[in-house]
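What follows is a single structure, written as structure tokens, with notes after it.
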Ligand SMILES: [Fe+2]
């Protein structure tokens with residue numbers, strides 16, 4: 001079984017298209033998406049269309065997708081923090097470009113998924129089994145990473161959210177973070193996704209990094225007067241988390 005693991009497109013369809021071109025060359029048997037389809041980037045409708053075109057086995061709900069479950073309209077949201085105000089600006093931008101049906105589709109993603117293939121079992125989350133926003137860094141202790149699974153039988157855990165790709169073995173299981181397609185924060189500004197293969201007890205995972213036209217997605221953000229376009233440009237050019245000044249009180253999260 002060959003699985004393509006995609007996550008955190010964040011409205012960057014230029015990066016998403018480049019990943020899909022690379023993905024087709026890898027001939028996966030199935031595709032899964034780990035959340036945060038839109039928000040922070042300029043092309044939400046294009047990302048919806050690209051994801052639907054891949055016919056993924058599952059799309060799990062991220063903390064940014066959760067806004068579409070929580071709020072029907074921007075007027076439903078009264079932010080109390082600078083981070084909330086930033087996210088509301090992007091919610092307004094996104095609701096202007098997505099149909100109600102598309103917003104409900106995003107808000108309806110399941111919060112977790114158990115993938116079973118014969119005796120093989122994988123757990124899929126955006127951030128963790130009990131939170132859509134918990135931050136589990138690549139350098140977490142084995143015990144911390146072990147909290148990312150619920151079931152003893154699980155061989156593979158897939159999650160997103162942190163925008164840092166990594167693969168680690170912990171207590172006989174493989175933990176994979178596929179990184180972010182649209183907004184990597186690990187100082188490598190190429191789009192990130194993973195290919196995972198298993199057959200019987202043999203399991204391997206590779207992180208793939210794909211170059212794309214960064215100038216083009218920035219131009220689209222400017223042309224569409226996307227809010228916080230300066231921060232977006234900094235993020236996609238340097239692959240850093242640029243929202244710290246706006247969100248210092250709330251902490252860093254993808
Ligand atoms: Fe994210």
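Overview of values
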| quantity | calculated |
| --- | --- |
| FRET E, pair residue 100, residue 187, Förster distance 35 Å, beta-carbon r, rounded to 0.05 | 0.40 |
| Gain on full stretching of the segment that runs from residue 71 to residue 211 - 0.36 nm per residue minus C-alpha separation | 46.9 nm |
| Ascending count of other beta-carbon atoms within 10 Å, so fewest first, for 137, 105 | 137, 105 |
| Ranked by how many other beta carbons lie within 10 Å on average, peptides 193-206, 56-69 from highest | 56-69, 193-206 |
| Order by protection proxy (mean Cβ within 10 Å, highest first), peptides 86-92, 223-229, 42-48 | 42-48, 86-92, 223-229 |
| For the chain: relative contact order, % (alpha-carbon pairs under 8 angstrom, 6 or more apart) | 22 |
| Residue-span extension gain [residue 201 to residue 45] - 0.36 nm each, minus C-alpha spacing | 52.2 nm |
| Inter-label distance, nm, simple model (7 Å from Cα along the C-beta direction), residue 55/residue 168 | 3.7 |
| Label point distance in nm, residue 144-residue 238, each placed 7 Å from Cα along Cα→Cβ | 2.4 |
| Approximate spin-label separation residue 223-residue 153, in nm, with each point projected 7 Å along Cα-to-Cβ | 5.1 |
| Cβ-based exposure ranking for 99, 75, in which fewest neighbours within 10 Å come first | 75, 99 |
| Extension gain (nm, one decimal) between residue 230 and residue 131, 0.36 nm per residue minus Cα-Cα | 32.7 nm |
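Every number here is computed from the coordinates shown, using simple stated rules; none is lab data. As the structure is a computational prediction, the values presented were derived from the model and not from experiment. No Cβ is skipped: glycine too gets one built from the backbone with ideal geometry, and neighbour counts run over all protein chains shown.
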